[in-house]
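Here the structure comes first, spelled out in structure tokens, and everything after it is commentary.
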Amino acid sequence: MSALTGTGTLVRLALRRDRLRLPIWVVVIPGLVTATASAIVELYPTMGERLALGLAIGANPALRALTGPIFDPSSAGGLTAWRVTGVAAVLTSLLSVLFVTRHTRAEEETGRAELIGAGTVGRHALPAAAVLVAGAANLAVALLSALGLATRGLPVSGALAFGLSVAGTGWVFTGVAALTAQLTETARAANAIALAALGLAFLLRAAGDAADGDTLSWLSPLGWAQRVRAFADERWTVFALFAVAAAALSAVAHLLAGRRDVGTGLLSSRRGPATAAPRLSGPTALAWRLHRGVLLGWVIAFAVVGAVFGALALSVGDIVDDNPQLAALMAGFGGAGAVVDAFLATVMSLLGMVAAGYAVQAALRPRAEEVAARAEPVLAAAVSRWRWPAGHLVWALGGATTVLAVAGLAAGLAHGIRVGDPAGQALRITGAALAQAPAVWVMAGVAVLLFGFVPRLTSLAWAVLGAFVLLGQLGRLLGIDERIQDLSPFAHLPRVPGGEATFGPLAWLVVVAAALVLAGLAGFRRRDLTGG
Amino acid sequence: MPGSPAVLISDLTKRFGGVHALNGLNLSVRTGEVHGFLGPNGAGKTTALRVLLGLMRADSGHAELLGGHPWRDAVELHRRLAYVPGDVVLWPTLSGGEAIDLLGRLRGGLDLRRRAELLERFDLDPTKKGGAYSKGNRQKVALVAALASNVELLLLDEPTSGLDPLMEAVFRDCVAEERDNGRTVLLSSHILSEVEALCDRVTIVREGRVVESGTLTQLRHLSRTSVTAELARTPDGLAALPGVHDLVVDGPHVRFEVDPDGLDGVLRLLSEAGVRSLACRPPSLEELFLRHYRVNAA
């Protein structure tokens with residue numbers, strides 16, 4: 001029996017388990033790419049229109065930081081690649097990380113891997129099957145995207161380069177997840193480390209692209225995807241970077257897998273105290289123990305991201321000042337100051353959506369506890385049906401608010417030090433960050449509502465969040481009905497700093513969030529505890 | 001309320017989709033007794049306990065726990081009881097000791113001396129993290145947390161699954177002590193020897209309804225005696241006697257089961273045939289159990 005015996009069977013098992021999940025990702029990502037291409041072809045039919053758009057974009061460092069550089073503004077393909085490479089590459093990386101963890105570390109954590117390992121299955125078969133299926137799914141995304149772009153009349157070689165650049169990023173993060181699955185003992189921690197790597201890749205690319213030189217961008221797989229230059233004289237050599245990185249990560253994961261026992265990680269858990277501290281005495285204290293590690297990670301990440309973008313903000317304004325044409329264009333909107341604010345406002349709205357990811361994850365923690373049968377002993381003690389989930393919600397809502405405040409504070413201080421007004425800027429940008437909170441709370445409310453009434457469908461909360469984020473990113477470009485765009489809580493947030501702070505919509509979002517949370521809690525009080 | 005039952009369930013039903021988990025279940029546990037709740041896997045024992053704990057609502061029927069309503073009065077009732085689930089899952093980031101203290105505090109406090117004593121007796125290391133325990137040790141964590149609590153009622157769902165025989169013996173001693181201290185215990189199990197050794201009364205369930213309930217003596221009274229004998233000559237008419245079942249005749253050796261009413265006639269016939277050796281055994285709960293389910297399944 002070789003170390004890979006049984007891989008074929010496990011591949012079929014993975015495909016069977018994800019027969020709905022995987023096709024959705026594999027169809028939605030190319031669908032978005034194709035729809036974006038359609039919209040650009042339709043909205044900017046002439047070269048003149050495309051060049052005007054391209055120049056405005058290319059000169060705006062804020063946009064460059066968020067979406068990446070534009071390599072060929074003259075063609076519809078170049079514009080499409082600029083607009084959607086980042087989105088597609090991030091989504092494909094997410095797909096890869098979640099899939100690989102779900103089929104490796106999560107299997108070991110639940111003990112199912114033991115059941116499999118006792119059969120005629122080689123010790124590397126489980127990770128190998130997960131990597132194979134994830135790699136194939138990435139390739140499917142690539143080919144379907146290329147097909148979609150080609151049907152919009154874009155050049156085939158560019159379409160193929162685009163698709164493969166997206167898949168290449170996915171392959172790298174498949175390797176990252178294969179590696180983190182070997183490091184940790186829980187699926188939650190494996191996902192957290194891999195997603196932190198994805199966040200770091202985004203940050204490096206954004207910082208690199210906003211600056212004048214792009215050295216930093218070359219450190220990020222997301223940067224490589226753009227530097228394939230699809231539809232702009234493709235550079236096929238960049239694919240060597242993807243291949244080397246993905247192969248190296250997988251090889252290290254493979255080595256580690258051969259050196260440990262089933263169920264254990266390399267970052268093994270230490271011993272704990274023999275008795276509990278006095279404060280560990282209620283459901284909220286227990287929830288704090290369960291949330292604090294993850295929350296600490298988020299606080300650090302948001303502090304770093306806030307500080308980096310805060311420090312970049314002034315340079316963004318400088319670049320506008322250096323460009324007389326752009327300065328003239330921007331003067332109408334308030335000059336370089338307005339550009340700085342617009343940049344910070346964009347960063348804050350992006351961070352708001354990411355913080356919603358934390359909030360949804362934390363608000364769904366009670367469901368995870370319920371499925372793992374850890375809710376039962378707590379609710380069989382003298383803990384009421386509303387106090388237990390409320391204990392988790394304190395950290396979901398409070399934690400999301402905290403990470404936003406930290407990001408705002410860090411950005412404000414970093415920017416404030418450069419303009420000589422740390423206190424004032426800190427206050428102003430923290431306020432802008434906190435203005436995102438009501439929409440984040442609404443997303444947590446959606447998760448709680450699902451938890452209360454349809455516990456088996458709580459993962460829909462992620463689908464809803466994903467849909468709202470995509471609506472915000474691409475909704476206007478794709479010409480989606482405004483009433484649908486308005487369903488997203490993020491559509492009702494003020495553009496701050498810089499824009500007018502309107503409190504009416506914020507108050508409404510708070511009301512909606514409160515109603516969702518209360519309804520969800522009421523639903524949970526009435527229902528049976530259920531398994532997975 | 002002395003004399004009132006600690007647990008009273010009547011005509012309880014609960015469906016999951018098309019499956020009847022509870023199908024008109026009746027159960028009465030007297031205050032101060034150790035009551036065995038016996039049945040094969042999937043008989044509805046855990047569902048009944050979850051209804052009693054207010055984790056689930058029954059579709060119909062009546063359930064009463066310590067004089068209160070399991071769903072409505074859940075929080076007050078849970079201060080007076082401790083529960084050990086059949087499949088104990090601990091928090092990976094909490095040590096066993098932390099989990100014991102937390103579970104105890106959630107229901108209103110632990111007897112610290114008893115906690116230390118139980119850790120010793122169960123030979124449990126409380127400093128390991130939740131994920132590092134074996135199944136048996138996770139079970140011990142939940143048992144220590146429950147047994148060290150000052151409560152009136154213990155609800156134990158197959159509590160010895162995963163314990164080795166040595167620890168099973170410790171568990172039996174502990175339950176006997178709990179009974180001597182006046183606590184009520186509802187012990188769900190499919191391990192017959194355990195119930196036989198510990199319980200005052202037994203309720204046997206299958207497919208969500210009670211097939212038998214009473215003291216062990218009553219249940220034995222209802223049941224047959226196994227007889228093995230060696231005789232001087234082959235007896236005539238044994239098969240025709242009322243109450244004789246499963247007769248096997250092998251020359252002078254006979255083996256059969258007999259209802260209590262038929263014993264007298266059987267013994268007379270055997271002595272006529274000349275008894276050389278005779279063994280009569282009351283059936284073990286094992287046989288009782290197997291017979292009920294074999295008969296009912298057929």
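The values are calculated or read from the model by the stated rules, or taken from the named source; none is laboratory data. If you're wondering where the values come from, they're calculated on a predicted model, not measured in any experiment. Here Cβ is always computed from backbone atoms with ideal geometry, including for glycine, and neighbour counts include all displayed protein chains.
Of the candidates A:Val320, A:Val305, the single residue that is modelled with pLDDT of 90 or more, away from every other protein chain (no Cβ under 14 Å), surrounded by 20 or more Cβ atoms within 10 Å (Cβ to Cβ) and assigned to a helix (DSSP H, G or I) is A:Val305.
If you scan region A:110-162, which residues turn out to be free of Cβ contacts under 8 Å to residues at least 24 places away in the same chain and assigned to a helix (DSSP H, G or I)? Answer for region A:110-162, where residues must be free of Cβ contacts under 8 Å to residues at least 24 places away in the same chain and assigned to a helix (DSSP H, G or I): A:Thr110, A:Arg112, A:Leu115, A:Ala136, A:Leu143, A:Ala146, A:Ala150, A:Val156, A:Leu160. Within region B:259-279, if we keep just the residues that are within 13 Å of B:Ala229 (Cα to Cα) and aliphatic (A, V, I, L, M), the residue that is surrounded by the most Cβ atoms within 10 Å (Cβ to Cβ) turns out to be B:Val266. For region A:375-393, filtering for residues that are of a type outside the set (Gly, Ala, Ser) and either free of Cβ contacts under 8 Å to residues at least 24 places away in the same chain or closer than 16 Å to B:Ala146 by Cα (or both) leaves 5. Only residues that are surrounded by fewer than 20 Cβ atoms within 10 Å (Cβ to Cβ) and either in contact with a strand residue (DSSP E or B) (Cβ under 6 Å, 6 or more places away or on another chain) or at the interface with chain A (Cβ under 9 Å from one of its Cβ atoms) (or both): list them for region B:113-130, please. Correct list: B:Asp125, B:Thr127. I'm trying to understand the selection: among the residues of region A:6-23, which are assigned to a helix (DSSP H, G or I) and over 16 Å from A:Val97 (Cβ atoms)? Result: A:Thr7, A:Gly8, A:Thr9, A:Leu10, A:Val11, A:Arg12, A:Leu13, A:Leu15, A:Arg16, A:Arg17, A:Pro23. When you scan region B:164-181, do you find a residue that is part of a loop (DSSP other than H, G, I, E, B) and farther than 19 Å from B:Leu49 by Cβ, even just one? Taking every residue of region B:164-181 in turn, at least one turns out to be part of a loop (DSSP other than H, G, I, E, B) and farther than 19 Å from B:Leu49 by Cβ. Residues in region A:412-443 that are buried (at least 22 other Cβ atoms within 10 Å of the Cβ) and under 20 Å from the mean Cα position of the chain (by Cα): A:Ala433, A:Gln436, A:Ala437, A:Pro438, A:Ala439, A:Val440, A:Trp441, A:Val442, A:Met443.
A Cβ distance below 7 Å, combined with a sequence gap of six or more or placement on separate chains, defines the contacts here; from region A:349-374, residues that are closer than 30 Å to B:Tyr83 by Cβ and in a loop (DSSP other than H, G, I, E, B) reach no residue that is among the basic types (Lys, Arg) and at pLDDT 95 or above.
For region A:455-480, the set of residues classified as assigned to a loop (DSSP other than H, G, I, E, B), touching a helix residue (DSSP H, G or I) at 6+ places or on another chain (Cβ under 8 Å) and not basic (Lys, Arg) consists of A:Thr458, A:Gly475, A:Leu477, A:Leu478, A:Gly479, A:Ile480, listed by residue number.
Would you check if B:Gly61 is more than 11 Å from chain A (Cβ to nearest Cβ), under 23 Å from the mean Cα position of the chain (by Cα) and part of a loop (DSSP other than H, G, I, E, B)? So B:Gly61 does not fit the description; no. Scanning region B:73-101 for residues that are assigned to a helix (DSSP H, G or I) and either out of contact with any strand residue (DSSP E or B) (no Cβ under 6 Å at 6 or more places or on another chain) or within 8 Å of another protein chain (Cβ to nearest Cβ) (or both) yields B:Ala74, B:Val75, B:Glu76, B:His78, B:Gly96, B:Gly97, B:Glu98, B:Ala99, B:Ile100, B:Asp101.
Only one of the numbered conditions (1) buried (at least 19 other Cβ atoms within 10 Å of the Cβ); (2) among the aliphatic types (A, V, I, L, M); (3) farther than 30 Å from A:Leu314 by Cβ is violated by A:Val90, and that is (3). The residue that is nearest to B:Leu90 (Cα to Cα), among those in region B:131-152 that are within 10 Å of another protein chain (Cβ to nearest Cβ) and at pLDDT below 95, is B:Gly131.
Of the residues making up region B:182-214, those that are in a loop (DSSP other than H, G, I, E, B) and closer than 16 Å to B:Val29 by Cα number 4.
Here A:Val446 qualifies as of a type in the set (Val, Ile, Thr) and either crowded, with 21+ Cβ neighbours inside 10 Å or not in a helix (DSSP H, G or I) (or both). Can you tell me which residue among A:Ala382, A:Ala359 is within 14 Å of another protein chain (Cβ to nearest Cβ), touching a helix residue (DSSP H, G or I) at 6+ places or on another chain (Cβ under 8 Å), of a type in the set (Gly, Ala, Ser) and under 30 Å from B:Leu102 (Cα atoms)? Answer to the check: A:Ala382. Does A:Phe99 satisfy the criteria of being part of a loop (DSSP other than H, G, I, E, B), in contact with a Phe, Trp or Tyr (Cβ under 9 Å, 6 or more places away or on another chain) and surrounded by 19 or more Cβ atoms within 10 Å (Cβ to Cβ)? Taking the combined requirement at face value, the residue does not satisfy it.
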